[in-house]
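Asker: Please see the structure below; I have some questions.
The values are calculated or read from the model by the stated rules, or taken from the named source; none is laboratory data. Source: prediction; values computed, not measured. Glycine also receives a Cβ, built like all others from the backbone with ideal geometry; neighbour counts cover every protein chain displayed.
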Amino acid sequence: MTNYTDRHGVSHPLPAPEAEAQVRADDRSHVFHSWSAQALIDPLPVAAGEGSTFWDYQGNAYLDFSSQLVNLNLGHQHPDLVAAIQQQAGRLATIQPSIANDVRGELARLIAEVAPEGLEKVFFTNGGAEANEYAVRMARQFTGRRKVLSMYRSYHGSTSTAISLTGDPRRWANDTVDSGAVRFFGPYLYRSPFHAETPEQEAERALAHLEQTIQLEGPQTIAAIIIETVVGTNGVLVPPPGYLQGVRELCDRYGIVYIADEVMVGFGRLGEWFGIDAFDARPDLITFAKGVNSGYVPLGGVVISDRIASAFDTMPFAGGLTYSGHPLACAAGVATFEVFRRDGILERVRDLGARIVEPTVRSWAEKHPSVGDVRGLGLFWAVELVRDQETREPLVPFNAAGADAAPMGAFAAAAKKAGVWPFTHFNRTHIAPPLVISEDELVRGLGVLDDALSVADEVA
Ligand code: PLP
């Protein structure tokens, strides 16, 4: 029997390696996977996880630089979260949303306390896409308008409205012409759609483009603008100074609801409770999921401004979910707040990001011909790989699949072989480890990615 040793030096048995064959067989025969051609994938069976590491059935350890889709902010098997879920399950495992419940109320209060001023109420959902569905529904009911503006480079989830608002190629197979979604270009200085050369120019021109889009679509038809505070899977695009404040002003000028999608960056990823705290702009609705309880039990939601919430004081809100504010999920959320405060999670994210990650990844741009751009904040960074630093031709094409994606596949395989589980998407690798990662682990993982970039250099 193989053992794994956790970060406290305690040894635990792994299931027998033979068990892996059954996991693979069941998965191959009966599990229908997301976003995949079913016969072309070979998912790794994972046996156990602890902190920033998980193990396969052969006892190989992987340092998790993806946090499982940027979800596990407090890492695998956090004892406080596990205990909170167990205790709640022993007391009251579930109760319908129309009944008042202690942990649901406590979590809503804790969220409101750290949300920007004037956002006091929370509608709970089961994940990020649903949070965006409901935010849009609120904005439509509130304004009586229908269109929603979103960025081309965006991901807002895979349910009907959320996938229509998504700008990236994941929407192509799901697009419906009557979704009410209108796309615009957001700021992206490295590949500026506005031919800008400075962040200030990028912000100014991106705002002028957004205002023109609003005017040409007809302001009186637009319910909301939805923006990821830092664009996540489309490249960790940190907005230039002034951009989000400018969006706020445009929303005020035209009576449009500003929805900040914080599904990926909320709850600590940028070293702030909400990512928007780093940018000094106040949205009307903030959507969240993932980090609120590290995904231990599915949970998401919408934080609602007083202005919008009070419109529903007498007008019934037209929506609801059986599992809204599930007690097990909320118990894990309350425990998350305790851990964040006790262990100074936000402070360590800011420290590790600025002191370790930023200087390391910036040095890669000098050292590796395949590195075109690096950008990020807190423990959320992207390294964009190119064939040629001058032309900025992406190492793999946008929406690359199959053989086209081979160079990124080779990079990821080299990282995995050396014990790091990377998060790669198109021509980028994203650095998003659990926020509890130790300094040693972080340095070691970055070293592995540095070595793996040499594989990309050879192709570039
Ligand atoms: N919004 C953003 C910014 C996301 O990154 C994601 C998922 O990665 C979603 C929404 C969708 O969340 P979920 O997969 O929980 O539905």
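Asker: Determine which single condition residue 343 fails, assuming it passes every other condition in (1) surrounded by 21 or more Cβ atoms within 10 Å (Cβ to Cβ); (2) farther than 30 Å from residue 202 by Cβ.
Answerer: (1)
Asker: Of the residues 374, 302, 334, 361, which is surrounded by fewer than 24 Cβ atoms within 10 Å (Cβ to Cβ), in contact (Cβ under 8 Å) with a residue 40 or more places away in the chain and in contact with a strand residue (DSSP E or B) (Cβ under 6 Å, 6 or more places away or on another chain)?
Answerer: 361
Asker: Which of the residues belonging to region 276-315 are in contact with a Lys or Arg (Cβ under 8 Å, 6 or more places away or on another chain), under 24 Å from residue 242 (Cβ atoms) and within 16 Å of the ligand (Cβ to nearest atom)?
Answerer: Passing the criteria: 276, 283, 303.
Asker: Yes or no: region 72-90 includes at least one residue that is within 16 Å of the ligand (Cβ to nearest atom), under 19 Å from residue 291 (Cα atoms) and not basic (Lys, Arg).
Answerer: Checked against the condition, which is being within 16 Å of the ligand (Cβ to nearest atom), under 19 Å from residue 291 (Cα atoms) and not basic (Lys, Arg), region 72-90 yields at least one hit.
Asker: Residues that are of a type in the set (Phe, Trp, Tyr), modelled with pLDDT of 95 or more and either touching a Leu at 6+ places or on another chain (Cβ under 7 Å) or within 16 Å of the ligand (Cβ to nearest atom) (or both): does region 184-192 have at least one?
Answerer: yes
Asker: Here is a further query. Applying the selection to region 239-275, what residues are within 14 Å of the ligand (Cβ to nearest atom) and under 15 Å from the mean Cα position of the chain (by Cα)?
Answerer: Scanning region 239-275 gives 260, 261, 262, 263, 264, 265, 266, 267, 269, 270, 274, 275.
Asker: When residues of region 1-50 are filtered for being without any contact (Cβ under 8 Å) to a residue 24 or more places away in the chain, part of a strand (DSSP E or B) and not small (Gly, Ala, Ser), how many remain?
Answerer: Final tally of qualifying residues: 3.
Asker: Take the residues in region 305-326 that are among the β-branched types (Val, Ile, Thr) and surrounded by fewer than 16 Cβ atoms within 10 Å (Cβ to Cβ); name whichever of them is farthest from residue 432 (Cα to Cα).
Answerer: The qualifying residue farthest from residue 432 (Cα to Cα) is 314.
Asker: Here's a follow-up. Out of 203, 208, which single residue is in contact with a Pro (Cβ under 8 Å, 6 or more places away or on another chain) and outside any loop (DSSP other than H, G, I, E, B)?
Answerer: Exactly one of 203, 208 is in contact with a Pro (Cβ under 8 Å, 6 or more places away or on another chain) and outside any loop (DSSP other than H, G, I, E, B), namely 203.
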